[in-house]
1. Taking the Cα centre of the range 70-341 as origin and charging only Cβ (+1 Lys, Arg; -1 Asp, Glu), how large is the dipole, in debye to the nearest 20?
2. Sorted by average packing, counted as other Cβ atoms within 10 angstrom per residue and highest first, what order do 305-318, 32-45 take?
3. Which shape class applies to the range 351-405: rounded if a/c is under 1.5, otherwise prolate when a/b exceeds b/c and oblate if not, where a ≥ b ≥ c are the square roots of the Cα gyration tensor eigenvalues?
4. Find which of VAL300, CYS249, HIS325 sits farthest along the positive direction of the dipole of the chain, computed with +1 on the beta-carbon of Lys and Arg, -1 on that of Asp and Glu, about the Cα centre.
5. Would you calculate the separation in nanometres between label points at GLN346 and TYR189, each defined as 7 Å from the Cα along the Cα-to-beta-carbon direction?
6. Please name whichever of PHE367, ALA83, HIS113 sits farthest to the positive end of the charge dipole of the chain, dipole taken about the Cα centre and charges placed at Cβ: Lys and Arg +1, Asp and Glu -1.
7. Sketch the reach of a paramagnetic label on SER72 as a point 7 Å from Cα along Cα-to-Cβ, and name the residues of the range 6-38 whose backbone nitrogen lies under 20 Å away.
8. Quick check on packing: order 77-84, 430-437, 184-191, 233-240 by the mean number of other C-beta atoms within 10 Å, highest mean leading.
Amino acid sequence: MTQQRNTAAWREMDAAHHLHPFTDTASLNEQGVRMITRADGIYLWDSEGNKIMDGMAGLWCVNIGYGRKDLSDVAKRQMDELAYYNTFFKTSHPAVVELSHLLAEVAPQGFDHVFYTNSGSESVDTMIRMVRRYWDVKGKPEKKTLIGRWNGYHGSTIGGASLGGMSYMHEQGDLPIPGIVHVEQPWYYKHGKDMTPEEFGVAAARWIEEKILEVGADKIAAFVGEPIQGAGGVIVPPSTYWPEVQRICRQYDILLVADEVICGFGRTGEWFGQTHFGFQPDIFTTAKGLSSGYLPIGAVFVNDEVASTLAAGGDFNHGFTYSGHPVAAAVAHANVKALRDEGIVQRVKEDIGPYMQQRWRETFSQFEHVDDIRGVGLIQAFTLVKNKATRELFDNWGEIGLMCRDIFFANNLIMRACGDHIVSAPPLVISKAEVDQMIDTAARCMAEFERQLKAKGLA
Ligand SMILES: *Cc1c(COP(=O)(O)O)cnc(C)c1O
């Protein structure tokens, strides 16, 4: 791009012409954006030369870390050779075939087919259309309703935002669309009351059963959930939750769908979150880590039974101009191959994941206003609370979280506030020294945060 311009000029142009996602444009333009100009490993650099540690892997997606020259080389080679062709009319190309073959290798057994999209939202919308088509072909077209969860996140298209349970998204644009209902999330800390986590996991799964009975099993097409809710604040369900959800879905003849857009491709230390929790969905959606964010691409994995049912139905009238885009497919292939052959996923499970989780827990448990410390692999969180003993949360959910997040930002560490949950999901290639640095910086920020809480009379 035009490197001659300076930060002030870029800010001015951004304010003049660029509408940002999930942003209050007026207030952003008053403050001015932060310009990120370069990245390497787990670090970003802004246009003022600040080096910033990315504790969020972008938006939970840069699993392999920034600056992989091998991926940009693959992109250039593919672009020179075949920059674009579609996969619609009895046509394919080597990049998408190679990727499909590799994905079938890393996917859990029985998942031998994928459908390509360009994002997580498109994967979710594709899944919704597939699920409904599946029941049409089965001769049960009245099975149309999908069950999602409050505070779940499934993207921002009309289907994805409807299936997600973010009420602030539903408020804008008359969502959810018909045929989508929600149940409560399995957040033990808030909803667990006197139960053990194991008891609560089963009880939370039974909320799905209640919803099925309320709507009628003959009308329910699928239950959809993230193995670990990401944008909802890294809600890690008790170990009993997913097996019970699976039992319920099987009992009532309902498809089980895992939204693996964040959990997929190594985030939990397994290739997919379903393996960590020990359940077998019928369909799962992916994006983010599939290409580590180097290019937009998503994939919907279907098990062999769903694949053969859809095939029996003839034409599936759905697809995107860029389904299986050759350059995105080639880069995703190189990314997934590297995650496997360099042992990056395995290292999350056996080495760096457990190290992060231990350091995360031991460090943040020492703070007065931090509780519900949790995580798996390289996805972790804690919740800011007013009173640990009574589990009382702060008033005005999210306000305190933002105040805390801003302290991290001011110290060149990117962590995210989801309400008053503070979450982190760094690139999977983070070293132990970098984990130490991240935790030490975050701990200093948390000490400053607690000082500010007291100074402002908020705690
Ligand atoms: C990010 C995300 C999506 C949406 O992906 P986009 O690429 O932003 O459309 C869907 N589901 C989950 C679980 C996500 O985290």
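1. 260
2. The most tightly packed comes first, giving 32-45, 305-318.
3. Prolate is the answer for the range 351-405, as a/c is 1.5 or above and a/b outweighs b/c.
4. HIS325
5. Here the modelled spin labels are 3.4 nm apart.
6. ALA83
7. Answer for this model: 35-38.
8. 233-240, 184-191, 430-437, 77-84
No lab work stands behind these numbers, since they all come straight from the coordinates. Because the structure is a prediction, the values reported are computed rather than measured. Because the Cβ atoms are built from the backbone with ideal geometry, glycine has one as well, and the counts that use them run over all protein chains shown.
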